[in-house]
Amino acid sequence: MSAPIIAASARSITKSFGSGTARIEVLHGIDIDAYESEILMLLGPSGCGKTTLISILAGTLTADRGELRVLGEPLHAMKKSAITRFRARNIGFIFQQFNLIPTISCEENAAVPLLIQGMSLSKALPHARKSLDQVGLSEHMKKRPNQLSGGQQQRVAIARALVHNPRLIICDEPTAALDAENGQLVMEIFRGLMRQPGRCAIVVTHDHRILQYSDRIATMNDGRIVESVPTSKFDFDHHR
Amino acid sequence: MFRLALKMLFGDSAKYLMLVFGVMFATFLMTQQSSVFCGLMRWTTAILKNAPAPIWVVETEVRQVNQTIAMRDTDLGRVRSCDGVDWAMPLYSGVQNVRLENGSLTVVQLLGIDSTTFAGAPTRMIEGSIGALRQPNAVIVDDLALSRLSPDPKTPLKMGDTFEINDQEARIVGICKAMRSFTGGPFIWTTYERALSYSPPQRKMLSAILVSPSAGRDADSVAASIERQTGLKAYTNAGFQSSERDFNTATMFWYVKNTGIPISFGTTVLVGFIVGVAISCQTFYLFVLDNLKHYGALKAMGASNGKLCMMLLSQVTVVGLVGYGIGLALASLFGLAAIKNTQPPFYMPDVIPFAVLGVIILICSLASFLGILRVSLLDAAVVFRG
Ligand SMILES: Nc1ncnc2c1ncn2[C@@H]1O[C@H](COP(=O)(O)OP(=O)(O)OP(=O)(O)O)[C@@H](O)[C@H]1O
Ligand SMILES: [Mg+2]
């Protein structure tokens, strides 16, 4: 088996919030790698900096110091506008609260990343429908998001995250707003769609029940990565 | 992204309607009020349109056409002898009482014109002829007079009917179209001599002298030479702002300067503007705030500030155009009804819709400015924070 290809790699990332005496460092020199064709889950107590870290990896937040390469691009050295374009092309997002636009239909929601890239709605909709089909929602394409259950809404969000075929998918607590059963179903679908070569997902979660869908688990504590192991070697009992 | 922006806009129908209403209200109020104002200003010059002559010579102190200060009859001869004058004819102009058959009184604008040349006669006859004015007691009335002077508005007067001006008989021998007067009364034409006999006797009765410049001379220079040679005031009559000496312009500006009319209309226009700004800005900002979370998500997903800005602008543009369109249509309907009804005055020069459009664009720019600022300063990282 050939060596895994790095999708995203962070070196000595630090990040502080606030200024003057109120300044607190949240990330204290993070080193982390995420590989293609894997789902990497980030675990850690509340407030340890998980969201901050994935925001930096996704390019929506800039680090104070350190190097960041995502899909070969040096994000730490790029201008904000270039990073914005980079995100539009290469990154898919799944949020805890789904963040679907309530006044437009599910298929239109799923088409949004293509629209952002400048595709017309009529060209984008067939792709959106295909993507919704893959998450099992072909029945509900014309509905507004609030006509669907939470689990279904998160599946729309997955369809949206994947519609433009991004190579890196960033998820922050994708199942936190769902009940156990729906959380499992959503992750099942997500896992299935991730079985495509070249895709990498970084998933922040509190939900131990979904850890089984990961390939690797990194544990954070107080702004540092304390452990990073393949899921098969993860000590579930210890972390319970 | 454009379609997406519109769908987001229409999706929130309550705010959309509110926004359109704000712009529509502002457009309607500003257009309608300015047009009524212009109509009213035009009415002030109705006599100039109804007794057309290239030059009007009046008493030195006269500043506007509805003001009559009588001149001596001898002034007519002095004007006739002026350099560049082709013809000069007397005009009597005065507001008189007409007694209706049921005994009530109504005011009319009486015009007495020269009985040989008929200078100052109506230009748009509907029935009868101007020459019939030579018959005894003959008058020509405008169509408004037919209903106004009839004791029963359901059966308007017709050709041959009679009524009384200051208790003397007048018989309708012609009907014409005329511009409505500022005082709201109808216009009645008769000969100069008969007009004098209809009016209570006074020492001086000559209200104005209508003059035409001789061939090859322009009205402006002839008017100037009449003023020099007679000491009277000579105005030209070629339409608003046609020249420094134009009587229409002098009259309208007199009303603008000396009456509260512009202030009262101006206040209403200002109210339209302020209400438009208030409703549109506030509602649009609320709309943006409501959608802020989504704009944040779009930003995270790679939408640039420019794209988001275009989204907001297209939303505002659609609201602005729809609201403006409806508002203008309503104002035009109002105008059509007003014109059909002959009042209130309504005149919409081309400049009004364009000026109002400019103001609406200003309102929309103000409304979108805050939203654009808010969205531009939005940090894409917020999407990950509940
Ligand atoms: N914009 C900000 N300004 C100031 N402090 C911030 C900001 N964002 C995060 N923090 C602080 O940084 C720390 C890490 O926050 P972060 O959201 O990354 O934690 P987390 O691991 O995602 O927590 P949770 O599991 O509760 O979501 C927290 O103490 C938080 O208060
Ligand atoms: Mg978090």
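The values are calculated or read from the model by the stated rules, or taken from the named source; none is laboratory data. Here the structure is a predicted model, which means the values were calculated and not measured. Because the Cβ atoms are built from the backbone with ideal geometry, glycine has one as well, and the counts that use them run over all protein chains shown. For accessibility, only protein heavy atoms count, side chains too; no ligands or nucleic acids. Shrake-Rupley method; radii C 1.70, N 1.55, O 1.52, S 1.80 Å.
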> Only one of these conditions is not met by B:Thr342: (1) open to solvent by 30 Å² or more (accessible area, probe 1.4 Å); (2) closer than 21 Å to B:Ala46 by Cβ; (3) assigned to a helix (DSSP H, G or I). Which number is it?
Replying inline: (3)
> Which residue out of A:Thr62, A:Thr51 is within 11 Å of ligand 1 (Cβ to nearest atom), over 18 Å from A:Ala7 (Cβ atoms) and among the β-branched types (Val, Ile, Thr)?
Replying inline: A:Thr51
> Which condition does A:Met78 not pass, out of (1) under 18 Å from A:Leu162 (Cα atoms); (2) buried (at least 17 other Cβ atoms within 10 Å of the Cβ), if it passes all the others?
Replying inline: (1)
> Looking at this structure, is B:Leu330 open to solvent by 50 Å² or more (accessible area, probe 1.4 Å) and either of a type outside the set (A, V, I, L, M) or on the phi < 0 side of the Ramachandran plot (or both)?
Replying inline: yes
>> Given the criteria on the phi > 0 side of the Ramachandran plot, away from ligand 1 (no atom under 13 Å from the Cβ) and either away from chain B (no Cβ under 11 Å) or open to solvent by 10 Å² or more (accessible area, probe 1.4 Å) (or both), does A:Gly72 qualify?
In response: yes
> If A:Gly136 satisfies every condition in (1) open to solvent by less than 10 Å² (accessible area, probe 1.4 Å); (2) on the phi > 0 side of the Ramachandran plot but one, which is the exception?
Replying inline: (1)
>> Suppose the filter is touching a helix residue (DSSP H, G or I) at 6+ places or on another chain (Cβ under 9 Å), open to solvent by 10 Å² or more (accessible area, probe 1.4 Å) and assigned to a loop (DSSP other than H, G, I, E, B); does B:Arg42 pass it?
In response: no
>> Going through A:Thr205, A:Thr175 one at a time, which residue ends up being under 15 Å from the mean Cα position of the chain (by Cα), at pLDDT 90 or above, within 16 Å of ligand 1 (Cβ to nearest atom) and within 14 Å of chain B (Cβ to nearest Cβ)?
In response: A:Thr205
> In the range B:178-191, what residues are closer than 19 Å to B:Asn248 by Cβ and in contact with a helix residue (DSSP H, G or I) (Cβ under 7 Å, 6 or more places away or on another chain)?
Replying inline: B:Ala178, B:Met179, B:Arg180, B:Ser181, B:Phe182, B:Phe187
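Per-residue answers, yes or no, for (1) in contact with a Phe, Trp or Tyr (Cβ under 8 Å, 6 or more places away or on another chain); (2) closer than 30 Å to B:Ile261 by Cα:
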residue	(1), (2)
B:Pro156	no, no
B:Asp161	no, no
B:Asn166	yes, no
B:Ile175	no, no
B:Ala178	yes, yes
B:Glu193	no, no
B:Tyr198	no, no
B:Ile209	yes, yes
B:Ser214	no, no
> From the list B:Ala355, B:Ala338, B:Ala331, B:Ala381, which residue is within 16 Å of ligand 2 (Cβ to nearest atom) and farther than 20 Å from B:Phe2 by Cβ?
Replying inline: B:Ala381
> Would you call A:Glu107 of a type in the set (Asp, Glu), more than 16 Å from ligand 1 (Cβ to nearest atom), over 26 Å from A:Ala7 (Cα atoms) and surrounded by fewer than 21 Cβ atoms within 10 Å (Cβ to Cβ)?
Replying inline: no
> Does any residue of the range B:31-40 turn out to be away from chain A (no Cβ under 14 Å) and among the aliphatic types (A, V, I, L, M)?
Replying inline: yes
> Before we move on, is B:Val58 out of contact with any helix residue (DSSP H, G or I) (no Cβ under 7 Å at 6 or more places or on another chain), touching a residue at least 24 places away in the same chain (Cβ under 8 Å) and assigned by TED's automatic domain parsing to the domain that holds B:Asp218?
Replying inline: yes
> Of all residues in the range B:280-298, which are within 14 Å of chain A (Cβ to nearest Cβ) and open to solvent by 20 Å² or more (accessible area, probe 1.4 Å)?
Replying inline: B:Asp290, B:Leu292, B:Lys293
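Matching residues to (1) among the polar types (S, T, N, Q); (2) touching a residue at least 60 places away in the same chain (Cβ under 8 Å):
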residue: B:Leu289; (1), (2): no, yes
residue: B:Ala303; (1), (2): no, yes
residue: B:Leu308; (1), (2): no, yes
residue: B:Leu312; (1), (2): no, yes
residue: B:Gly320; (1), (2): no, yes
residue: B:Lys340; (1), (2): no, no
residue: B:Gln343; (1), (2): yes, yes
residue: B:Phe346; (1), (2): no, yes
residue: B:Phe369; (1), (2): no, no
>> Looking at the structure I just gave you, is A:Val203 within 16 Å of ligand 2 (Cβ to nearest atom) and β-branched (Val, Ile, Thr)?
In response: yes
>> Restricting to the range B:348-367, name every residue that is in a loop (DSSP other than H, G, I, E, B) and free of Cβ contacts under 8 Å to residues at least 40 places away in the same chain.
In response: B:Asp350
> Mind checking which pairs have a first residue in the range B:1-12 that is at the interface with chain A (Cβ under 8 Å from one of its Cβ atoms) and a second that is among the aromatic types (Phe, Trp, Tyr) and in a helix (DSSP H, G or I), Cβ under 7 Å, 6 or more apart or different chains?
Replying inline: B:Phe10/B:Tyr16; B:Asp12/B:Phe287
> Which one of the conditions (1) open to solvent by 10 Å² or more (accessible area, probe 1.4 Å); (2) touching an Asp or Glu at 6+ places or on another chain (Cβ under 7 Å); (3) away from ligand 1 (no atom under 15 Å from the Cβ) does A:Phe86 fail to meet, given that it meets all the rest?
Replying inline: (1)
>> Every residue in the range A:82-116 that is facing chain B (nearest Cβ under 8 Å) and outside any helix (DSSP H, G or I), please.
In response: A:Ile91, A:Phe93, A:Phe95, A:Gln96, A:Gln97, A:Asn99, A:Ile101, A:Pro102, A:Thr103, A:Ile104
> How many of the residues in the range A:26-47 are within 8 Å of ligand 1 (Cβ to nearest atom), more than 10 Å from A:Ile225 (Cβ to Cβ) and assigned to a loop (DSSP other than H, G, I, E, B)?
Replying inline: 3
>> Going residue by residue through the range B:299-308, is there one that turns out to be of a type in the set (D, E, K, R), away from chain A (no Cβ under 14 Å) and either open to solvent by 40 Å² or more (accessible area, probe 1.4 Å) or not in a helix (DSSP H, G or I) (or both)?
In response: no
> Considering only the range B:10-36, how many residues are in contact with a Phe, Trp or Tyr (Cβ under 8 Å, 6 or more places away or on another chain), surrounded by fewer than 23 Cβ atoms within 10 Å (Cβ to Cβ) and at pLDDT 90 or above?
Replying inline: 4
>> Restricting to the range B:242-277, give me the number of residues that are open to solvent by less than 50 Å² (accessible area, probe 1.4 Å) and assigned to a helix (DSSP H, G or I).
In response: 17
> Given the conditions (1) over 30 Å from A:Phe17 (Cβ atoms); (2) open to solvent by 50 Å² or more (accessible area, probe 1.4 Å); (3) within 14 Å of another protein chain (Cβ to nearest Cβ), and given that B:Ser314 satisfies all but one, which numbered condition is not satisfied?
Replying inline: (2)
>> Kindly evaluate B:Thr317 against the criterion of being of a type in the set (Ser, Thr, Tyr) and either within 30 Å of B:Arg180 (Cβ to Cβ) or assigned to a loop (DSSP other than H, G, I, E, B) (or both).
In response: no
